[in-house]
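Colleague: Here it is, the structure in full.
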Amino acid sequence: MAQDTGLRPHSAHWGAFSAGMRDGTLVVEPHPGDPDPNLLLQNFPEALRHKARIARPMVRRGWLEQGPGPDARRGRDEFIPMEWDQVLDLLARELARVRDAHGPQAVFGGSYGWSSAGRFHHAQSQVHRFLNMTLGGYVRSVNSYSSGASSVILPHILGPIDAVARRNVTWEAVAEHTEMVLAFGGMALKNSMVASGGISRHVERGSMAAARARGCEFLLIGPLKDDLPEDAGATWQPITPGTDTALMLGMAHALVTAGKHDRGFIDRYCAGWDTFEAYLLGRSDGQPKDPAWAAAICGVPAGRITAMALQAVGRRTLVTVAHSLQRQEHGEQPV
C-alpha cells in the first residue's frame with residue numbers, strides 16, 4: 001500500500017498534479033503519467049511563499065474619497081485595504097449608478113478568461129451571468145484575442161474555427177507519419193503547456209523528438225529561433241515580423257508557376273481559385289506575387305522562398321500557424 005503523503009489530486013489548465021501542505025509549505029507534484037510536466041506548476045509554492053497574491057480587497061484612495069471620475073491622483077495614488085462587505089457595497093452602488101444614469105450599455109462585461117479548470121469557475125461566464133441578472137445586459141467583446149481574425153476569416157475559406165482546431169492532425173500522426181512540418185511562427189512549447197479544461201499529458205516535446213528520429217524535417221519560419229524546441233532539430237528561417245502572408249503568396253506563386261499544384265483537387269474541392277490565381281499571377285492588378293516581390297517585403301531571399309516551396313512538394317507536409325498552436329480541450333492537436 002502506497003504511503004499517504006497528504007497530497008490531493010487536482011487538474012488545472014497547466015496539467016494534472018497533486019498538492020498539499022507539509023510543515024507549513026505548499027508542495028506540488030506533477031502527475032507521474034505526464035511525460036513533460038509544465039514547469040508553471042512550481043510557481044504555486046513560490047507565489048505562496050513570497051505572498052505574491054493580493055490578500056484582501058484594495059480601493060484607490062482618490063476614488064474612495066472623491067467618488068468616480070478622473071482626477072490627477074490616478075496612476076500615482078495609494079490603495080486602501082478594506083473588508084469584503086465594504087467593497088461589495090461600494091461595487092453594488094457603483095453598478096447601480098451606471099445602470100440608472102447610462103443604462104446597461106455603459107457597462108463592459110470584461111474579464112480575463114483563464115481561471116480554474118471547468119466551466120463553473122470560468123471568470124467570464126460568471127461575470128456575464130451576474131451582469132445579465134442584475135443589470136439586464138451589458139457590452140461584451142466578440143471572438144478571441146488568441147485566434148485573432150482567424151475565427152472571422154476561416155468560415156469563408158475553410159470552415160468554422162472549432163472544426164479546424166478540434167478535428168485536425170494529432171501529435172501521434174505527426175510522430176508516426178509526417179515527413180515535413182512547415183511552421184509559420186513555430187510551435188513553442190509554452191503555447192501548448194496550458195489548455196482550457198485542463199491537460200492530462202504534455203506530449204508535444206516527445207512527439208517532435210519521435211518525428212525527428214523517424215526522419216521528419218521541421219522548418220521554422222519566424223523571427224524567434226527558439227519558437228521550436230531543440231528536440232525538433234528545426235532549420236530556422238528568419239523573417240520580418242508581420243510579413244508571413246507575403247511569404248506564403250511568394251511560395252504559392254513558385255508552386256503554381258512550376259505546375260506543382262493539384263488542379264484536380266482544386267477543381268473538385270475549392271471555390272474562387274480563378275480569382276485567387278489572377279491575383280497571385282498579377283493578371284488582376286499587374287503585380288505578380290512572385291518570390292522576388294515577396295522577398296522585398298519579408299526579407300527572405302527569392303531563391304530561398306522558391307526552395308522552401310518546392311521542398312514540400314511530394315512529401316506528407318503539415319503546415320502550422322503559430323497563433324493558434326494552443327492545444328484544445330478535446331485532443332492533443334497542432335493547428
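Colleague: Could you pull out the residue among V142, V203, V164 that is among the hydrophobic types (A, V, I, L, M, F, W, C), surrounded by fewer than 17 Cβ atoms within 10 Å (Cβ to Cβ) and out of contact with any strand residue (DSSP E or B) (no Cβ under 7 Å at 6 or more places or on another chain)? If you could, list the steps in order and put the result at the bottom.
Modeller: Values: V203 fails: surrounded by fewer than 17 Cβ atoms within 10 Å (Cβ to Cβ); V164 fails: surrounded by fewer than 17 Cβ atoms within 10 Å (Cβ to Cβ).
Criteria check complete, one pass: V142.
Colleague: Right, another one. Which residues, taken from the range 125-160, are touching a residue at least 40 places away in the same chain (Cβ under 8 Å) and in contact with a Ser or Thr (Cβ under 9 Å, 6 or more places away or on another chain)?
Modeller: Within the range 125-160, S146, S147, G148, S150 qualify.
Colleague: Within the range 234-259, take every residue that is in a loop (DSSP other than H, G, I, E, B) and either free of Cβ contacts under 8 Å to residues at least 40 places away in the same chain or of a type outside the set (S, T, N, Q) (or both) and give me the one that is nearest to D274 (Cα to Cα).
Modeller: Initially, the range 234-259 is screened for residues in a loop (DSSP other than H, G, I, E, B), giving 234, 238-243, 258-259.
So of that shortlist, the ones also either free of Cβ contacts under 8 Å to residues at least 40 places away in the same chain or of a type outside the set (S, T, N, Q) (or both) come out as 234, 238-239, 241-242, 258-259.
Details: A234: 35, P238: 32, I239: 29, P241: 30, G242: 27, A258: 17, G259: 15 Å.
So, considering only residues that are in a loop (DSSP other than H, G, I, E, B) and either free of Cβ contacts under 8 Å to residues at least 40 places away in the same chain or of a type outside the set (S, T, N, Q) (or both), the one nearest to D274 (Cα to Cα) is G259.
Colleague: I've got another one for you. Would you confirm, using the coordinates I've provided, whether G15 is on the phi > 0 side of the Ramachandran plot, touching a His at 6+ places or on another chain (Cβ under 9 Å) and not assigned by TED's automatic domain parsing to the domain that holds W171?
Modeller: Numbers: on the phi > 0 side of the Ramachandran plot: yes; touching a His at 6+ places or on another chain (Cβ under 9 Å): yes; not assigned by TED's automatic domain parsing to the domain that holds W171: yes.
Here the answer is yes, as G15 does meet what is asked.
Colleague: Also: Does any residue in the range 87-104 that is over 28 Å from A55 (Cβ atoms) and in contact (Cβ under 8 Å) with a residue 12 or more places away in the chain come within less than 8 Å, Cβ to Cβ, of a residue that is of a type in the set (A, V, I, L, M) and assigned to a helix (DSSP H, G or I) six or more places away or on a different chain, and which pairs are these?
Modeller: Matching pairs, first to second residue: R99/A106; R99/L135; P104/L131; P104/L135.
Colleague: Is it the case that the range 305-323 has a residue that's under 25 Å from the mean Cα position of the chain (by Cα), part of a helix (DSSP H, G or I) and modelled with pLDDT under 95?
Modeller: Yes, the range 305-323 contains at least one residue that is under 25 Å from the mean Cα position of the chain (by Cα), part of a helix (DSSP H, G or I) and modelled with pLDDT under 95.
Colleague: Give the residues of the range 126-154 that are more than 19 Å from the chain's Cα centre (by Cα) and assigned to a helix (DSSP H, G or I), sorted by residue number.
Modeller: Of the range 126-154, the ones more than 19 Å from the chain's Cα centre (by Cα) are 126-140.
Across the range 126-154, the qualifying residues are Q126, V127, H128, R129, F130, L131, N132, M133, T134, L135.
Colleague: Follow-up question, since we're still on this one. Return yes or no: is T243 among the polar types (S, T, N, Q), modelled with pLDDT under 95 and either farther than 16 Å from T320 by Cα or out of contact with any Pro (no Cβ under 8 Å at 6 or more places or on another chain) (or both)? First the steps, then the outcome.
Modeller: On the way: among the polar types (S, T, N, Q): yes; modelled with pLDDT under 95: yes; either farther than 16 Å from T320 by Cα or out of contact with any Pro (no Cβ under 8 Å at 6 or more places or on another chain) (or both): yes.
Yes: the conditions hold for T243.
Colleague: Quick check: anything in the range 264-271 assigned to a loop (DSSP other than H, G, I, E, B), at pLDDT below 95 and in the same structural domain as G159 (by TED's automatic domain parsing)? Even if it seems obvious, please write down each step before you answer.
Modeller: Restricting attention to the range 264-271, the residues satisfying the condition of being assigned to a loop (DSSP other than H, G, I, E, B) are 270-271.
Imposing the further condition that a residue be at pLDDT below 95 reduces the set to 270-271.
Checking which are in the same structural domain as G159 (by TED's automatic domain parsing) leaves us with 270-271.
Yes: the range 264-271 contains one or more residues that are assigned to a loop (DSSP other than H, G, I, E, B), at pLDDT below 95 and in the same structural domain as G159 (by TED's automatic domain parsing).
Colleague: A further question on this structure: Can you name the helices (runs of 4 or more DSSP H) wholly within the range 16-106 that have at least 2 residues being under 27 Å from F130 (Cα atoms)? Even if it seems obvious, please write down each step before you answer.
Modeller: Details: elements: 43-49, 61-66, 84-102.
Ranges flagged: 61-66, 84-102.
Colleague: Another question, then. Go over the candidates E179, E230 one by one and state the one that is surrounded by fewer than 17 Cβ atoms within 10 Å (Cβ to Cβ), more than 16 Å from the chain's Cα centre (by Cα), under 23 Å from P35 (Cβ atoms) and at pLDDT 85 or above. Talk me through it step by step, then tell me what you get.
Modeller: Numbers: E179 fails: under 23 Å from P35 (Cβ atoms).
After applying the criteria, what remains is E230.
Colleague: Output the residues belonging to the range 197-217 that are over 25 Å from H10 (Cα atoms) and of a type in the set (A, V, I, L, M).
Modeller: Answer for the range 197-217, where residues must be over 25 Å from H10 (Cα atoms) and of a type in the set (A, V, I, L, M): M208, A209, A210, A211, A213.
The values are calculated or read from the model by the stated rules, or taken from the named source; none is laboratory data. Keep in mind the model is a prediction, meaning the values are calculated, not measured. Every residue, glycine among them, receives a Cβ derived from its backbone with ideal geometry; neighbour counts consider all protein chains shown.
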